[in-house]
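The values are calculated or read from the model by the stated rules, or taken from the named source; none is laboratory data. The model shown is predicted, which means the values in this text are computed figures rather than measured ones. Here Cβ is always computed from backbone atoms with ideal geometry, including for glycine, and neighbour counts include all displayed protein chains. Heads up: the accessible areas ignore ligands, DNA and RNA and are worked out on the full protein's heavy atoms, side chains in. Shrake-Rupley method; radii C 1.70, N 1.55, O 1.52, S 1.80 Å.
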Amino acid sequence: MQVQWDHVIRNGMIVTTDQIFQAHVYVKDGKIAAVTAEALGGTAREETDASGCYVLPGLIDVHVHSRDPGATHKEDFFHSTQAAAAGGITTIFEMPNTNPPLNNVENFHRQVKNLQEKAHVDFGIWAICLGHLNLRDIQALHEAGVIGFKFFWGYAVNSKTYQLVYNYKVGMEDVIPPFTDGEVLEIFREVAKTGQILAIHAESSDIIHHLTKQVERSGRRDYEAFLEARPNLAEVVTVQTGIAFAKHTGARLHILHVSTGEAVDLVKQAQAEGYPVTAETCPHYLFLSNEDYPRIGPAMKVYPTVKYKKDQERLWRGIAEGVVSVVCSDHAPHTEEEKDGDLWSIPAGMCGVETLAPLLLNAVHEKKLTLQQVVAVLSENPAKLFGIYPQKGSLQVGTDADITIVDMEKRYTINRENLRSKSKITAFDGFSGTGMPVATIVRGQTVMKDGVIIGSPVGRLVTPL
Ligand code: NCD
Ligand code: ZN
Ligand code: ZN
């Protein structure tokens, strides 16, 4: 009997972290059945001609805030996963600052159902650490299948909704102030017991409050003043404490959205000493600096703040050295109205999941990294770090047929109006580059082709093996 393949992807250049070669990819039952230069027999339900294009293991964005449920006036999972598919991403990890937050097993199961209906790509789910409020839920969340534990170090949260408070002032009502170091140590202890990743937002609220008061007294409101109030030091002291806590407790520490050169040095040192400390960064820290604020304006407000050229340079070197092993979007949309205001009072965050891969592909043309390094930081490394490799992050036979096809010669201009997200705030509006995902394939099914979203939501939950 003739084999019937689900999908055959012909004539592409396969890119893995160690090889580039021409081959066809054969998919059966949602899995990769063969990667071979030979033409196998049989019929194919779907065929994709990848001539002239590169075939990458499906790209993963480990840091997405779809705000679903909770702030779905800003974004929801239907839109964010369409944006992901459009941007060549086959799996996203959904952040837990939803309402209700992802703080216990009941909310985890509810969230799986909620997201599944809307998911155009596969997804993992982060759990939130709320100190003493959910220390007792950590182990059960681990067993339920969360992708990792997230701690928003330095943020105050609303005491009723647990939503992040973006511009916290001491004495605000209905707010749980940022946790003390002692309380944070308990979080490290509890997560260490699970063996899973503890990922931290790393900004010191103490430093920020102190400096904000000083800068406010001076009356300055510009971006440089803002950076003085939320400086490199705020990240540095938190990363330093985090690494000390990780050494003390044995927690596997992942530093989210690293924005400073100093933090790269700290992570590098901890890695050299043999500790399981990892780091990610985002396009806004790699491509922007304080010098871009006058041109971009409030769309550029994000926490941690976008810093200086010297930080940008150190981050690129961190990627080259393998110290920064993951690049992600920190997709965090807010509405235009919310972002339209004074730098100091608007919320922090911007869209990113759709522009992540195009921006990095253009950086390949600029010789900032190679296509194989793109595969490393957007696919293989995240999959390995979060325990879902080789099911995700590889093109090995028997694993999920998640594939991103890219045309390295395709020109693009980012136009905010065309973003798939519900709120269309981007710091990269008008940016032109070369290198675009032209097809996104999730477990063999095409979810995006030539920029068009295809089919109904097929995404499923991904859990560590
Ligand atoms: C994120 C958000 O709005 O959810 N904002 C941001 O500026 N990055 C939260 C976060 O990741 O810190
Ligand atoms: Zn954060
Ligand atoms: Zn974030």
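A few comments on the model shown:
- Residue match in the stretch 363-374 (condition: in the same structural domain as A320 (by TED's automatic domain parsing) and buried (at least 24 other Cβ atoms within 10 Å of the Cβ)): yes
- Flag: P382 matches the condition of being closer than 30 Å to K74 by Cβ and buried (at least 24 other Cβ atoms within 10 Å of the Cβ).
- Any hit, the stretch 240-261, residues being more than 17 Å from K150 (Cβ to Cβ), of a type in the set (V, I, T), assigned by TED's automatic domain parsing to the domain that holds R314 and within 16 Å of ligand 1 (Cβ to nearest atom): yes
- The stretch 415-451 - residue that is assigned to a helix (DSSP H, G or I) and of a type in the set (D, E, K, R) and, of those, surrounded by the most Cβ atoms within 10 Å (Cβ to Cβ): R416
- Where helices (runs of 4 or more DSSP H) fall wholly inside the stretch 271-335, the ranges with 2 or more residues that are within 14 Å of the chain's Cα centre (by Cα) and within 16 Å of ligand 3 (Cβ to nearest atom) are 283-287.
- Selection from the stretch 321-347 of residues that are of a type outside the set (F, W, Y), surrounded by fewer than 18 Cβ atoms within 10 Å (Cβ to Cβ) and over 24 Å from S379 (Cβ atoms): T335, E336, E337, D340, G341, D342, L343, S345
- Being at negative phi, at pLDDT below 95 and more than 15 Å from ligand 2 (Cβ to nearest atom) holds for only one residue in K160, K118, K113, and it is K160.
- Every pair of residues 6+ apart whose Cβ atoms lie under 6 Å, when the first sits in the stretch 14-38 and is outside the structural domain of A376 (by TED's automatic domain parsing) while the second is of a type in the set (D, E): T17/E380; V27/D6; K28/D6
One line per residue, one yes/no per condition, for (1) away from ligand 2 (no atom under 16 Å from the Cβ); (2) assigned to a strand (DSSP E or B); (3) under 30 Å from A37 (Cα atoms); (4) open to solvent by 10 Å² or more (accessible area, probe 1.4 Å):
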residue	(1), (2), (3), (4)
R67	no, no, no, yes
T72	yes, no, no, yes
F78	yes, no, no, yes
T81	yes, no, no, no
P96	no, no, no, no
